[in-house]
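**Student:** Once you've had a glance at the structure underneath, I'll fire off some questions.
Laboratory data are not the source of any read-out in this text; all were calculated from the coordinates shown. Source: prediction; values computed, not measured. We place every Cβ from the backbone using ideal geometry, glycine too, and count neighbours over all the protein chains shown.
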Amino acid sequence: MSLEIYFKPIHSIEFSKNSIGSVVDSHVNSFPEWESSDIVFLTIHENRGSSSEKNNEIDHYTIRNKLYNFKWEGSLTISDLGILDAGSTLKDTYAALKEITFEIQKKSKLLVLLGGSQDLTFANYLGYEQLEQPINLTCIDHSFDVVVDQEQEISDKNYINHLLIHSPNNLFNFSILGCQQYYVGSNDLRFFDELFFDYIRLGELQNTISKSEPILRNTDLLSVDLSCFRGSEFNSSTSNHPNGFFGNEMCQMIKYAGQSDKVSSIGFYNLKSGDISEVDAELVAQLIFFLVKGFSQRSNDFPVGNKKDLIKYSVYHEDSKHNLIFHKSKKTERWWLEVPYPPTKDFKFERHHLIPCNYEDYKIAQNGVIPDLWWKTYRKLN
């Protein structure tokens with residue numbers, strides 16, 4: 001189907017030679033031939049799911065102007081589809097975004113969304129439904145956006161509830177990066193632990209930002225709450241907080257996401273409506289720039305098929321009488337860990353599930369401890 005019916009064109013943007021704008025096919029006078037591009041970008045004017053922001057219009061032009069004029073040398077191509085306006089109802093917007101996501105994922109393009117309230121993540125997730133594949137979702141967020149034991153109309157504060165109870169449920173793993181303990185209750189933590197989901201607190205990540213890389217490498221769909229920034233660093237989200245990520249930390253994580261061979265969709269949400277400052281617009285544009293930069297560096301080093309570019313490590317675990325098998329890419333020096341499928345399950349073609357890890361996990365195994373991500377994955381496979 002044609003996606004053109006969903007979008008409004010944008011105003012023409014001037015850009016210099018050798019800039020990102022020179023590789024963008026924009027919806028100005030005609031709709032882009034997005035099927036021949038590598039990355040598909042769009043903005044969404046929809047905030048009715050926000051708990052604090054009801055005006056749907058965001059200042060997409062200032063962000064686009066900054067992005068288009070960043071220096072760029074490379075052969076990849078980007079299609080800018082323009083603006084997805086709010087539907088008659090919030091459900092209409094969800095239906096449109098679901099269909100757009102599905103059509104773009106069928107063509108194996110990287111979809112980049114700029115919204116809009118974070119509940120749009122739910123509609124983005126629904127777009128994968130017809131693909132009938134397990135989905136790993138990661139959120140960069142200061143809180144969990146889960147309301148335990150409460151049924152409420154969907155919003156940016158509880159969309160995870162609706163995602164978890166939706167049927168069919170294709171969610172295999174869910175991770176939160178950057179949560180802050182004063183926004184996360186003990187019930188939330190217990191809920192995550194019971195489902196074997198992952199979370200890394202803000203302080204832990206700021207000490208070692210590379211801890212986010214294996215999780216982002218294992219992500220299909222990434223949702224970024226722009227409120228995760230420190231308030232003094234970014235002042236254009238729907239809610240500001242005294243603590244949070246610095247700009248360079250976020251840019252590094254988004255670059256990790258771009259480098260992941262698995263990430264196929266990323267949304268930046270909870271941008272406040274109305275005009276945005278030049279500095280804040282440039283920071284959002286830099287996030288998209290580093291996503292594109294990471295995408296241009298994808299190496300396709302997932303350890304399947306020919307293993308000549310991999311180094312295999314086996315660590316014997318005395319207590320379980322089990323060998324932990326690690327793989328390291330010669331090309332990128334990235335690590336993976338094998339998790340065996342349970343013997344009670346009928347897997348005709350695969351014996352192991354491969355999960356990204358890092359060198360620290362290998363060192364933990366050498367010390368006689370099975371890494372947490374091995375246990376969590378094994379239990380989910382059961």
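**Student:** Compute the helix-to-body angle for 372-381: its Cα long axis versus the longest principal axis of the chain, expressed 0 to 90° and rounded to tens.
**Tutor:** Approximately 80 degrees, to the nearest ten.
**Student:** Taking K and R as +1 and D and E as -1, what net charge do the other residues with C-beta under 13 Å from the C-beta of Q206 add up to? Mind showing how you got there, number by number?
**Tutor:** Values: positive: R201, K211, R230; negative: E204, E233, E249.
Net charge in that neighbourhood comes out at 0.
**Student:** If we count other beta carbons within 10 Å of each Cβ, what is the order of D280, D275, fewest first?
**Tutor:** D275, D280
**Student:** Determine the sum of side-chain charges near Q130: Lys and Arg each +1, Asp and Glu each -1, restricted to other residues whose C-beta is under 12 angstrom from that of Q130. Please list the in-between numbers first.
**Tutor:** Values: positive: K98, K106; negative: E99, E103, E129, E132.
Every neighbour counted, the sum reads -2.
**Student:** Starting at the first residue of the range 228-243, write each ³J(HN,Hα) from the Karplus equation 6.51 cos²θ - 1.76 cosθ + 1.60 with θ = phi - 60°, in whole Hz, x for Gly and Pro.
**Tutor:** Calculated HN-Hα couplings, in order: 6, 6, 4, x, 6, 8, 8, 10, 10, 8, 6, 8, 10, 9, x, 10 Hz.
**Student:** Calculate the radius of gyration of the Cα atoms of the range 21-118 to one decimal place, then report Dmax, the largest Cα-Cα distance, as a whole number, both in Å.
**Tutor:** Final numbers for Rg and Dmax: 14.1, 42 Å.
**Student:** Projecting each Cα onto the charge dipole of the chain (Lys/Arg +1, Asp/Glu -1 at the beta carbon, about the Cα centre), which of A257, L113, S16 comes out farthest on the positive side?
**Tutor:** A257
**Student:** Which value in nm describes the separation of the simple spin-label points at H322 and E278, placed 7 Å from the Cα toward the beta carbon?
**Tutor:** Reported label-point gap for H322 and E278 is 5.8 nm.
**Student:** In a shell of Cβ-Cβ distance under 13 Å around N367, excluding N367 itself, what net charge do Lys and Arg (+1) and Asp and Glu (-1) give?
**Tutor:** Values: positive: K363; negative: E318, D319, E360, D361.
So the surrounding residues net to -3.
**Student:** Continuing with this model, one more query. Looking at the square roots a ≥ b ≥ c of the eigenvalues of the Cα gyration tensor of the range 310-381, which shape do they give, rounded for a/c under 1.5, prolate if a/b is larger than b/c, or oblate? Before the final figure, lay out each step's value.
**Tutor:** Values: a/c = 1.86, a/b = 1.25, b/c = 1.49.
Oblate is the answer for the range 310-381, as a/c is 1.5 or above yet b/c matches or exceeds a/b.
**Student:** With each pseudo-label sitting 7 Å past Cα toward Cβ, what's the H166-N367 distance in nm, one decimal?
**Tutor:** 4.0 nm
**Student:** Which value at 222 nm does the chain reach when only helices count, each DSSP H run of 4 or more adding -39,500 (n - 2.57), with the total divided by all residues and rounded to the nearest 500 deg cm²/dmol?
**Tutor:** Values: 11 runs with 111 residues, N = 382.
Value at 222 nm, helices only: -8500 deg cm²/dmol.
**Student:** Give the residue list of GluC sites (Glu not before Pro) in the range 111-213 that are DSSP loop and have at most 12 other beta-carbon atoms within 10 angstrom. The partial results should precede the final answer.
**Tutor:** Numbers: sites: E129, E132, E151, E153, E194, E204; in loops: E132, E151, E153.
Counting only loop positions with at most 12 other Cβ atoms within 10 Å, the GluC sites (Glu not before Pro) in the range 111-213 are E132, E151, E153.
**Student:** Can you list residues whose amide H is under 5 Å from D25's amide H, if they're 5+ apart or on another chain and H is modeled 1.01 Å from N?
**Tutor:** Answer set, sorted by chain and number: I78, S79, D80.
**Student:** What is the Cα coordinate range of the range 3-296 on the first, second and third principal axes, sorted by size from largest, in whole angstrom?
**Tutor:** Projected onto its principal axes, the Cα set of the range 3-296 covers 52, 38, 35 Å.
**Student:** Using the alpha carbon gyration tensor of the range 203-301, what are the three equivalent-ellipsoid semi-axes (square root of 5 times each eigenvalue), largest first, in whole Å? Before the final figure, lay out the partial values.
**Tutor:** Numbers: eigenvalues 109, 46, 25 Å².
Over the Cα atoms of the range 203-301, the ellipsoid semi-axes are 23, 15, 11 Å.
**Student:** With θ set to phi - 60°, apply the Karplus curve 6.51 cos²θ - 1.76 cosθ + 1.60 along the range 55-62 and write out the HN-Hα couplings as whole Hz, x wherever there is a Gly or Pro.
**Tutor:** 7, 7, 6, 10, 7, 6, 5, 4
**Student:** Report the antiparallel proportion of the DSSP beta bridges in the chain as a percent, rounded to a multiple of 5.
**Tutor:** Details: 21 of 61 bridges.
If I count the DSSP bridges inside the chain, around 35 percent turn out antiparallel.
**Student:** Sticking with this structure for a sec: Could you pull out every one of the lysines with an alpha carbon less than 29 Å from that of K330, ignoring same-chain neighbours closer than 8 positions?
**Tutor:** K109, K211, K255, K262, K293, K307, K308, K312, K321, K363, K376
**Student:** Gap in Å between the Cα centre of the range 142-181 and the Cα centre of the range 37-55?
**Tutor:** 18 Å
**Student:** Relative contact order of the chain: what whole-number percent is it, with Cα pairs under 8 angstrom and at least 6 residues apart? Numbers along the way, then the final one.
**Tutor:** Details: 759 pairs, mean separation 55.9, N = 382.
Reported as a whole number, the value is 15 percent.
**Student:** Rounded to the nearest 20 debye, what is the charge dipole size of the chain about its Cα centre when +1 sits on each Lys and Arg Cβ and -1 on each Asp and Glu Cβ?
**Tutor:** Values: 38 positive and 51 negative charges, 283 e Å.
For the chain, the charge dipole is close to 1360 debye.
**Student:** Once phi is turned into ³J(HN,Hα) by the Karplus curve 6.51 cos²θ - 1.76 cosθ + 1.60 with θ = phi - 60°, what whole-Hz value does each residue of the range 356-362 show in order, with x for glycine and proline?
**Tutor:** So the Karplus estimates, Gly and Pro as x, are x, 8, 9, 4, 4, 5, 5 Hz.
**Student:** Could you pull out every residue, at least 5 positions away or on a different chain, whose amide H is within less than 5 Å of the one on F197? Hs are placed 1.01 Å off N in the peptide plane, and Pro or chain starts have none.
**Tutor:** HN-HN under 5 Å from F197: empty list.
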